[in-house]
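Structure first, then comments.
The values are calculated or read from the model by the stated rules, or taken from the named source; none is laboratory data. Please read all numbers here as calculations on a predicted model, not as lab measurements. Don't worry about glycine lacking a Cβ; one is built from the backbone with ideal geometry, like all the others, and counts go over all protein chains shown. Heads up: the accessible areas ignore ligands, DNA and RNA and are worked out on the full protein's heavy atoms, side chains in. Shrake-Rupley method; radii C 1.70, N 1.55, O 1.52, S 1.80 Å.
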Amino acid sequence: MEFFLDTASLDEIAAARKQGLIDGVTTNPTLLSREGGDWQEQARKICDTVDGPVSLEVVGTKAEDMVREAEHLVTFGNNVVVKIPMIAEGLVATRELEARGIRTNVTLVFSAMQALLAAKAGATYVSPFVGRLDGIGQSGMEVVSQIRTIFDNYGMNTKILVASVRSPNHVLEGALLGADVATVPYKVITQLTQHPLTDSGLEAFLNDWKKLTE
Ligand code: G3P
């Protein structure tokens, strides 16, 4: 399973890169707005820093606007993947971008049927938002499981990118279901490395060693 970092923060990207933990980055308008400043400059810096796909999202809602924005976004780096919202116009844009050789990440996916339509339109990635589904009392992982089954049934190459991750458990369950990628907030990446028994075990080893050597 590949790990993407769900962020627009260069500090978080630098910290995760140092640990060799990330294979790519996903951003969205909310994450870029949190960083402030010139979003284009920020997005270009992210593309320069990351050795792997960087998802940058369009904000148009008409297919022709999305395609125009996508053509601009891909000038930021050869690792750009264009995020397209899962609406009817988005499917038109995805089909057009696929024909132009531009990779897409169809975002705001909340059902397996939406994922199937995105895959049929030629999406490179589909992003089911598991945390937001759990948040309204539905099961995000059930949707991921359905998407995996459908893509496998028909030999579809579109990658399943588990998004809106809230906890290490979302990453674990995504991996068990065979999702291709999880895009993970920095806080959850940190949680993935930790276990209380690791900390208490290390403390005991170091104390015992101190007793032996002092
Ligand atoms: O980047 C897409 C997705 O991961 C956003 O998640 O936390 O806003 O539900 P969230």
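Numerical summary
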| item | result |
| --- | --- |
| Among residues of the stretch 36-59, those that are part of a helix (DSSP H, G or I) and open to solvent by less than 80 Å² (accessible area, probe 1.4 Å), counted | 6 |
| Qualifying residue in the stretch 87-110 (condition: among the small types (G, A, S), closer than 25 Å to D65 by Cβ and within 15 Å of the ligand (Cβ to nearest atom)) | yes |
| Matching option when the condition is touching a residue at least 12 places away in the same chain (Cβ under 8 Å), among the hydrophobic types (A, V, I, L, M, F, W, C) and in contact with a strand residue (DSSP E or B) (Cβ under 9 Å, 6 or more places away or on another chain), among M156, M141 | M141 |
| Selected residue [over 25 Å from A93 (Cβ atoms), at pLDDT 95 or above and surrounded by 12 or more Cβ atoms within 10 Å (Cβ to Cβ)] from V171, V130 | V171 |
| Test: V67 is more than 30 Å from S145 (Cα to Cα), in a helix (DSSP H, G or I) and touching an Asp or Glu at 6+ places or on another chain (Cβ under 9 Å) | yes |
| Within the stretch 138-168, considering residues that are open to solvent by 30 Å² or more (accessible area, probe 1.4 Å) and within 25 Å of L56 (Cα to Cα), the one nearest to the ligand (Cβ to nearest atom) | R166 |
| Residue match in the stretch 75-87 (condition: aliphatic (A, V, I, L, M) and out of contact with any Leu (no Cβ under 9 Å at 6 or more places or on another chain)) | no |
| Residue match in the stretch 83-91 (condition: farther than 18 Å from Q42 by Cα and buried (at least 24 other Cβ atoms within 10 Å of the Cβ)) | yes |
| Unmet criterion (only one of (1) without any contact (Cβ under 8 Å) to a residue 40 or more places away in the chain; (2) closer than 19 Å to D180 by Cβ) for G52 | (1) |
| Residue match in the stretch 66-80 (condition: of a type in the set (G, A, S), over 30 Å from T193 (Cβ atoms) and touching a residue at least 24 places away in the same chain (Cβ under 8 Å)) | yes |
| Selected residue (criterion: farthest from I102 (Cα to Cα)) from residues of the stretch 60-69 that are open to solvent by less than 80 Å² (accessible area, probe 1.4 Å) and not hydrophobic (A, V, I, L, M, F, W, C) | G60 |
| Failed criterion for G77 (all others in (1) away from the ligand (no atom under 16 Å from the Cβ); (2) under 20 Å from A163 (Cβ atoms) hold) | (2) |
| Search result, residues across the stretch 1-32 that are assigned to a strand (DSSP E or B) and open to solvent by 10 Å² or more (accessible area, probe 1.4 Å) | E2, F3, D6 |
| The stretch 176-185 - residue that is aliphatic (A, V, I, L, M) and either open to solvent by less than 50 Å² (accessible area, probe 1.4 Å) or in a loop (DSSP other than H, G, I, E, B) (or both) and, of those, farthest from the ligand (Cβ to nearest atom) | A179 |
| Matching residues, the stretch 96-112, being touching a helix residue (DSSP H, G or I) at 6+ places or on another chain (Cβ under 9 Å) and either surrounded by fewer than 24 Cβ atoms within 10 Å (Cβ to Cβ) or at positive phi (or both) | E96, R100, I102, R103, L108, F110, S111, A112 |
| So L133, is it within 16 Å of the ligand (Cβ to nearest atom) and touching a Gly at 6+ places or on another chain (Cβ under 7 Å) | yes |
